[in-house]
Structures are given as structure tokens and as C-alpha cells.
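A short write-up of the structure that comes next.
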Amino acid sequence: MTITEALSIPNGMGFEEYEKLLIDKKRLERQIAKISSDIDFEVDSLEVLADEAGSDRYNKHLHNKQQLELKIENAQENLNEIKRKIEKI
């Protein structure tokens, strides 16, 4: 935790709770960045396999992309909730 972060602890929130929220926030931000990279890979794969639309390989990459989009949506919701908690109190 940086000094700036330590000085911006919301009123009514304990130091340990705030630190845990910051750790979770950073973890989710890294997770979202990794999932975004994985989605980009799947999009590139789908572009390469565009002439094979409907094949098993194409469908596998399409399914992976859809699963990753769900994961990133859930991670983003969790991150937004943490940000609300940090700013709320």
C-alpha cells in the first residue's frame, strides 16, 4: 500500500479491510487484463478460421471466446463492487 492509498482510507473502514480491498482490486485488474488478451487471441483465431465457419476448430474458438466474455463480465462486476465499497464509506 502506498502512502497516498493509506491516506485515502475512507472514514469508518478499518486498515486491514481497506488493504484487502486494494489487493482484491489489483488482482481483478490483472485478471481482466489477462482475459482481455485471451479474448484478443480467440478473435484472431476466429478471423484466421473464418473460411472454416462451422467446423470443430472454429466452434471451439468461438466457445472459448464466449466463455472468456462471461468471465470478464463477472470480473468487471466484482471490480465495480470493490470500487463502490472503497468510495462509498
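Please treat every number below as a calculation from the coordinates, not as lab data. This structure is a prediction, so every number in the text was calculated from the model and none was measured. Here the Cβ positions follow ideal geometry from the backbone for every residue, glycine too, while neighbour counts run over all protein chains shown.
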Original post:
Along the positive direction of the dipole of the chain (beta-carbon charges: Lys, Arg +1; Asp, Glu -1; about the Cα centre), which of ALA33, PHE15, HIS61 reaches farthest?
Top reply: PHE15
**OP:** Using a 10 angstrom cutoff on alpha carbons, build the Gaussian network for the chain and name the most mobile of GLU52, GLU42, GLU29.
**Re:** GLU52
Original post:
Nearest 10 degrees, 0 to 90: what angle lies between the long axis of helix 56-88 and the longest principal axis of the chain (Cα atoms)?
Top reply: 10 degrees
**OP:** On a 0 to 90° scale, report how tilted helix 15-48 is relative to the longest principal axis of the chain, with both axes built from alpha carbons and the result rounded to the nearest 10.
**Re:** 10 degrees
**OP:** Please report, in Å, the Rg and the Dmax of region 36-85, where both are computed over Cα atoms only.
**Re:** 14.0, 47
**OP:** Please give the peptides 68-80, 11-23 ranked by average Cβ packing (other Cβ atoms within 10 Å per residue), highest first, as a rough proxy for protection.
**Re:** 68-80, 11-23
**OP:** Quote the Stokes-Einstein diffusion coefficient, in whole µm² s⁻¹, for the chain, based on the Kirkwood radius over alpha carbon pairs, a temperature of 10 °C and a viscosity of 1.306 mPa s.
**Re:** 104 µm²/s
Original post:
Which whole-number percent is the relative contact order of the chain (Cα, under 8 Å, 6+ apart)?
Top reply: 44 percent
Original post:
If the cut-off is 19 Å between C-alpha atoms, which lysines fall inside it for LYS60, apart from same-chain ones fewer than 8 positions away?
Top reply: LYS71
**OP:** Please state the charge dipole magnitude for region 1-88, taken about the Cα centre, from unit charges on C-beta atoms (+1 on K and R, -1 on D and E), reported in debye and rounded to the nearest 20.
**Re:** 420 debye
